[in-house]
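Inspection log for the structure reproduced underneath, given as structure tokens.
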Amino acid sequence: MDLYLTSLALGAVGLVAMAFSGFARHGHGSHGHAAGGHAGHAGHGGHGHAGHGHAGPAHAAAHGHPAGAHAAASHNWASSLASLASPRSLFSICLGLGTAGLLLRPPLGGGAITFLTALAAGVIFERVLVTPIWNFAFRFESNPALTLESAVSGEATAVTAFDANGQGLISVEIDGQVVQLLGTLQAADRALRAKVVAGARLRVEDVDSARNRCIVSLQ
């Protein structure tokens, strides 16, 4: 079977399959984003991470350590090589390699020069054309919204005073959205006849998402 024709077909089919898969995930993630308001939480987390990462290079530069620059350069090279090994990059290179090979073979023949030139064209095609288009197409892709289980070990607020059975309405914040559910004091706190008034701060110990209730403890 022809090398360049096979490469062209493999790259085209692979990219089309990944594009459809990516758009499907994007649609599902956008739905979760609308329901849970995950964007605000993700943006806050991303901002903190970026700030923390920036402190290291700045500190190194202030103290005149050239090792930081060498480490950053090595990291960039490693990241570039890793990105070329990704499935999307490999499919893009195959597509560019196959297309360039079919176009260059008549004037150059089918030798090593044709293959190396076509391979270089495939890498350029992936970097210059496919990567910018791919990033632009999926720049709004969001992560799935967090579930109620993510509130475990987090803080809750008593909306109402708890009754004699140690139960009351509480609120928790999930993805920037306030959710109210039934809270039950853990057995140890109920044994001590602990009282929970409206506005008290509690800790979420366990969650029953199917019944929209959770176990809480006094902080």
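Would you tally the residues in segment 96-121 being within 13 Å of residue 7 (Cα to Cα) and among the basic types (Lys, Arg)?
Matching residues across segment 96-121 total 0.
Pull out all pairs, ordered by first then second residue, where Cβ-Cβ is under 7 Å, the residues are six or more apart or on different chains, the first lies in segment 194-219 and is under 19 Å from residue 178 (Cβ atoms), and the second is surrounded by 15 or more Cβ atoms within 10 Å (Cβ to Cβ) and of a type in the set (Lys, Arg).
216/203; 219/203
Kindly indicate whether any position in segment 150-166 is under 30 Å from residue 11 (Cα atoms), surrounded by 18 or more Cβ atoms within 10 Å (Cβ to Cβ) and out of contact with any His (no Cβ under 8 Å at 6 or more places or on another chain).
No, segment 150-166 contains no residue that is under 30 Å from residue 11 (Cα atoms), surrounded by 18 or more Cβ atoms within 10 Å (Cβ to Cβ) and out of contact with any His (no Cβ under 8 Å at 6 or more places or on another chain).
Conditions tested, residue by residue: (1) small (Gly, Ala, Ser); (2) part of a strand (DSSP E or B); (3) at pLDDT 90 or above.
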| site | (1), (2), (3) |
| --- | --- |
| 117 | no, no, yes |
| 127 | no, no, no |
| 139 | no, no, no |
| 146 | no, no, no |
| 188 | yes, no, no |
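Going by what's in this entry, would residue 202 be described as crowded, with 17+ Cβ neighbours inside 10 Å, in the same structural domain as residue 157 (by TED's automatic domain parsing) and not basic (Lys, Arg)?
Numbers: crowded, with 17+ Cβ neighbours inside 10 Å: yes; in the same structural domain as residue 157 (by TED's automatic domain parsing): yes; not basic (Lys, Arg): yes.
Judged against the criteria, residue 202 is a match.
Kindly indicate whether any position in segment 155-164 is modelled with pLDDT of 90 or more, of a type in the set (Gly, Ala, Ser) and within 27 Å of the chain's Cα centre (by Cα).
yes
Pairs, please: C-beta under 6 Å, at least 6 apart or cross-chain, first residue among the aromatic types (Phe, Trp, Tyr) and in segment 109-136, second in a helix (DSSP H, G or I)?
Sorted first by the residue in segment 109-136, then by its partner, the pairs are 125/96.
The values are calculated or read from the model by the stated rules, or taken from the named source; none is laboratory data. Predicted, not measured: the structure shown is a model, and the values here were computed from it. Using ideal geometry, Cβ is built from the backbone for each residue, glycine included, and neighbour counts are taken over all protein chains shown.
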